[in-house]
Amino acid sequence: MKVGLSNSQLLQQAANSSQTGLVKQSQKFENPEPSFMQRLEDGLEQVARTQNDAANLAKNYELGLENDLAKVMVGQQVSSLAFQLTLNVRNKALSAYKDIMNMPV
C-alpha cells in the first residue's frame with residue numbers, strides 16, 4: 001500500500017482485496033476434485049499416449065535411432081498393461097450397467 005492514500009482510498013483498496021480473496025476461496029471450494037468424466041478422459045488419453053510412445057520407440061529401434069532394446073520392450077509391456085487395465089475397467093463398467101438395467105423395479 002502507498003503511504004499517502006486517503007481513508008476512502010484505503011477502504012476501497014481493502015474492499016477490493018477482500019472481494020478477490022472471497023472469489024479465490026469460492027473458486028477453491030467449488031470443484032476441488034476433477035469429475036468422473038474428466039478422470040476417465042485423462043486415463044484414456046494417458047493410455048493412448050503410452051501406446052503412441054511404445055510405437056515410436058519400436059519404430060526408432062527398427063530405424064536404428066534407439067539402441068536400448070530393454071527400453072523398447074519395457075515400453076511395449078507398459079502399453080500392453082495399460083490397455084488391458086482399460087479393457088478390464090470397461091468390461092466391469094459394462095457388466096455393472098447390465099446388472100442395473102436388469103434389476104426389477
Per-region count, the stretch 45-59, residues under 13 Å from the mean Cα position of the chain (by Cα) and surrounded by fewer than 14 Cβ atoms within 10 Å (Cβ to Cβ):
3
Residue hits (the stretch 31-59; polar (S, T, N, Q), at pLDDT below 95 and over 17 Å from Val89 (Cβ atoms)) are Asn31
Note: among Ala58, Ala96, Ala48, just one is touching a helix residue (DSSP H, G or I) at 6+ places or on another chain (Cβ under 8 Å) and part of a helix (DSSP H, G or I), namely Ala58
Restricting attention to the stretch 61-93, which residues are assigned to a loop (DSSP other than H, G, I, E, B) and of a type in the set (Asp, Glu)?
Glu66, Asp68
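The values are calculated or read from the model by the stated rules, or taken from the named source; none is laboratory data. Note that this is a predicted model, so its numbers are computed, not measured. Heads up, the Cβs are rebuilt from the backbone with ideal geometry, glycines too, and the neighbour counts pull from every protein chain shown.
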